[in-house]
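Engineer: This is the structure I want to talk about, given as structure tokens.
Read-outs: derived from the displayed coordinates by stated rules, not from any lab. All of these numbers come straight from a predicted model, not from anything done at the bench. For neighbour counting, all protein chains shown are included, and Cβ atoms are generated from backbone atoms with ideal geometry for every residue, glycine included.
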Amino acid sequence: SIRTTIHRGNLAHLQTGKLLLDLDASQNRADKLVVEGTADLAGRVAVKIIDAGHQKARESVTFLTAQGGISERSPMSFSVKPSVVANYALEFRDADQVGLSYQIDFAGPQIGDRLTVRRRATAG
């Protein structure tokens, strides 16, 4: 379920750390971490998609807000279950927010490549 967590003080998310995030694609809502101080970010963001069958074509959601601002110690990475039609990206917004954008594309190159491979296999 989608929740909001408030962290009182500063947050240091180390390179070995992992932030787990649920994303309800049908409602365009995600877990949210509100840091009342500064956030120094590194490490990974692992995204679990809930109700992926109802994603809209293009959406974006904020999942971290730091009232004292955000700095990125080293580039953050993220992981999400691979999809042929969905593309995901981390977004650093303003100086105090991090979000996740996602886009559904049924006509993208991945689909065309898969159809071509299947057609070749069927043709023998």
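Engineer: Mind sorting I70, I6 by how few other Cβ atoms lie within 10 Å of their own Cβ, fewest first?
Structural biologist: I6, I70
Engineer: Scale the Cα Rg of segment 1-47 by the rule-of-thumb value 2.2 N^0.38 Å and send over the ratio, two decimals.
Structural biologist: The value comes to 1.22.
Engineer: Working from the pairwise distances between different alpha carbons, so that the mean of 1/r is found and then inverted, what is segment 12-72's Kirkwood radius in Å?
Structural biologist: 12.6 Å
Engineer: Restricting to bridges with both residues inside segment 4-102, how much of the DSSP beta-bridge set is antiparallel, in percent to the nearest 5?
Structural biologist: Around 35 percent antiparallel, to the nearest 5.
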